[in-house]
Structure formats: structure tokens, C-alpha cells
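Below is one structure; the comments refer to it alone.
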């Protein structure tokens, strides 16, 4: 089997399991982290072979957060309480500034990564946003929508068709999840 076929299979498996994970989040199912963790394993290898090193490293973090999230979300009522009590505006503002400056700094330190600033900024943003996801802050979906738009461009530019399609689906799913979680936040 050729290397190109193996890489395509890795990408397709990663996209499939990752999409299942995001869909499970709408139902506040802890299996969002089961599927997400499996997807992270496949994407970690895929991105490494494609020289997206920041994205590959990010998958190690996603996998570890999937383990934590799986146990953290075992009580659905606790998750609903977290959704009702998001982080403050000042926390979110500080995060945006941190993401932009950290992305720039990493892109200067590691210039060999393809699309350095974009890849690094998306990595840092995804790291912090995954924490917000595990802590069930509904604003996480707004960040994902913004990052999904940039990821769509990045992966389309790189020629990763399945991953571009996945992030296009993520964009719609993130909007759906925001609406659903916003509804949860308004219930007592």
C-alpha cells in the first residue's frame, strides 16, 4: 500500500471520529471525548506525516483532554450547571490577546512548520478552547466557529479534502451546538 493511500485513510478515519465527537457534544454526551480521543490519535499521525507539526502536537493535547473530559462529564447535570456559569468577559478578552501573541511567538521560534503563524495561532486557540469545552463554557462554540473558518482555509490550501469537508461540517455543528447550549444556559 502506498504512503499516499495510508495518509488518505488516516485522514478519513480522523475526520470520521472527530465529527462523531462534535456531534456527541450537542447531546452533552461524554462520548464526545471518546470519539474525539480516537480522532486525535489518527490526526496526530496524519499531521506529522504532512509536516503540520503544531497541529500534530495539538493532537497529543486533544487526546489528554479527551481523557479528562470523559470523566469530567460523567454527570450531565453538572455539565448543564457549567454551561449556565461561563467564564467572565475579561477572561475571554485575555485569552484572545494571549492566543494572538503566543501564535506569533511560536511561529518565529519554529519557522519550519507550514503556515507557521496560522498553524501556531490555531494550535494555541484550540488548546485554550478545548479547556473551555471541557469546562462547558458555551462561548467555546463562538471561538470554534471563528477558528473553523480559518481551519477551512488552511486545510483547503494544503489540499486536505476530507479535513476541509470536516471543518466545514464543524462550522455548522458549532453554530448548532451554540444554539443548543445557549438554550440550556437559559433553563433553571
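Readers should treat all values here as calculations from the given coordinates under stated rules, not as data from a laboratory. Quick caveat, the model's predicted, so the values are computed rather than measured. Ideal geometry is used to build each Cβ from the backbone, glycine not excepted, and the neighbour counts take in all protein chains shown.
Please find, within region 1-18, the residue that is farthest from the chain's Cα centre (by Cα) out of those that are touching a residue at least 60 places away in the same chain (Cβ under 8 Å) and surrounded by fewer than 19 Cβ atoms within 10 Å (Cβ to Cβ).
Here the answer is 8.
Sort through 160, 110 and tell me the only one that's surrounded by fewer than 18 Cβ atoms within 10 Å (Cβ to Cβ) and either within 24 Å of residue 17 (Cβ to Cβ) or without any contact (Cβ under 8 Å) to a residue 60 or more places away in the chain (or both).
When all the criteria are applied, what remains is 110.
I need the full set of residues from region 12-68 which are over 28 Å from residue 83 (Cα atoms) and not in a helix (DSSP H, G or I), in order please.
50, 51, 52
If I ask for residues that are under 13 Å from the mean Cα position of the chain (by Cα), surrounded by fewer than 21 Cβ atoms within 10 Å (Cβ to Cβ) and in contact (Cβ under 8 Å) with a residue 24 or more places away in the chain, which ones from region 39-64 would you list?
Passing the criteria: 57, 61, 63.
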